[in-house]
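Notes follow once the structure below has been shown.
The values are calculated or read from the model by the stated rules, or taken from the named source; none is laboratory data. Bear in mind the structure is a predicted one, so any value in this text is a computation, not a measurement. As a convention, Cβ positions derive from the backbone with ideal geometry for all residues, glycine included, and neighbour counts pool all protein chains shown. The area values use the complete protein model at the heavy-atom level, side chains included, leaving out ligands, DNA and RNA. Shrake-Rupley method; radii C 1.70, N 1.55, O 1.52, S 1.80 Å.
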Amino acid sequence: MSRRDIKEPRFSIVVPIYNREDNISDVIDSVVKQSYSKWELLLIDDGSTDATGVICKKYADVDERIYYIEKENGGVSTARNKGIKLASGDYIIFLDSDNSLTERSLEVLRTGFNTCGDADFIVYGYNESPTKAWIPEGDGSEMVIDRSAIRKKYLPTHFNIYEQDTHFIKNFVWNKCYSSKFLFKNNIKFDENRKTWEDGIFVVECLNKAKKFLILPEVIYNAYCESNVEHLSSKFYKKQIFQYISDEVYYRNTFGKEFDFTTDHYIKSNFDMINVLFNRVTNVFGIEAKTIISNAIQNEIVQFWAKKYIPQTINEKKLRKYILNGSVDKIYDLYHDSIIKRVAKEMVRFLK
């Protein structure tokens, strides 16, 4: 039976979990309350040390569609890959453990796949907050995106070659529902060696392999994140800058013959990101940041961005100059001084 013939598909919902005892019930309840009932819920516990497992087991004991799977702690990518491997549904959804589905999510997706049965995945809208939502717009009036449009418009936008306009479908895995056959056939899975930006590379791989996807301009997912709760992939780590650089090298090596990686927008977006990451690493690691910055500015692609970029501000002119000259101390001082000024301003405000 082809996917086009599936009128009553089964959905596999994969939830990677780590220490979510405070809110995991809300996540599970959002699935249990679905208006469409043909689903399985795979709760992948990535080594929780709180009462998360106890709560999940209670749900699994009373609903045969819910499966609780324990594993050693390995990060969100290992948990999601475990879910992909165990999924038996026609379609796979990745639901983060601090998010939730709307009541008609699966019903809307069923209708979507029955409308376009050969879509490799569906992109849908989500609530960023109780008052703000992101809704995909499609390619003009076209909601079925074919391979030609994917490669000309959507894929290069995700490299920042073009401005992130309506062709940017977000670097999240959870605002999409994937055909299991598509993922398995193309061996698309998460890179278990990375600790950050795992979603972005996964989305790019899907766009690269997809023949067709469908845009649903409906909000069916709640992406309310709790910043005070420890998350599987939210921590900043020392290799983040090099992970970003490595990703860009991979994109250029893989797609360099097809796309122009010298556009003004591409150069600016990457120079801006390096600026952000230098600032962040200085905030987090202090004097230790000098070693990280030193290694980063010696990288060939960072030097390339600096040479190509036309600075817009005084600080950008300084940063560009310091990168090209290898002035690590001066780069560090740029961000360290801004931290001191910010703290001083906060102190003045407090004393008032």
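Structure above, values below:
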| read-out | value |
| --- | --- |
| For the chain: relative contact order, % (alpha-carbon pairs under 8 angstrom, 6 or more apart) | 17 |
| Which of Val27, Val219 is most accessible, then next, and so on - probe 1.4 Å | Val219, Val27 |
| Peptides ranked, highest mean first, by Cβ atoms within 10 Å: ranges 108-114, 49-55, 130-136 | 108-114, 49-55, 130-136 |
| Dipole of the chain, positive direction: furthest Cα of Gly74, Ser105, Thr254, with charges on the beta-carbon | Thr254 |
| Ratio of Rg to Rh over the stretch 157-297 (Cα coordinates, Kirkwood Rh, two decimals) | 0.97 |
| Ellipsoid equivalent to the stretch 66-132 - semi-axes via the Cα gyration tensor, in Å | 24, 18, 11 |
| Counting DSSP beta bridges with both ends in the chain, the antiparallel % (nearest 5) | 40 |
| Accessible area expressed per residue, the chain, with surrounding protein chains retained (probe 1.4 Å, Å²) | 49 |
| Helical contribution to [θ] at 222 nm, DSSP H n ≥ 4, -39,500 (n - 2.57), averaged over the chain, rounded to 500 | -13500 deg cm²/dmol |
| Relative contact order %, the stretch 45-127, counting alpha carbon pairs below 8 Å whose residues are six or more apart | 22 |
| Rounded to the nearest 20 debye, dipole of the chain from Cβ charges on Lys, Arg, Asp, Glu | 1120 |
| Nearest-20 debye value, the stretch 45-111 charge dipole, Cβ charges on Lys, Arg, Asp, Glu | 220 |
| For the stretch 54-209, average projected area of the Cα convex hull in nm² | 10.8 |
| Alpha-carbon radius of gyration plus Dmax, which is the widest Cα pair, for the stretch 3-110 in Å | 13.3, 44 |
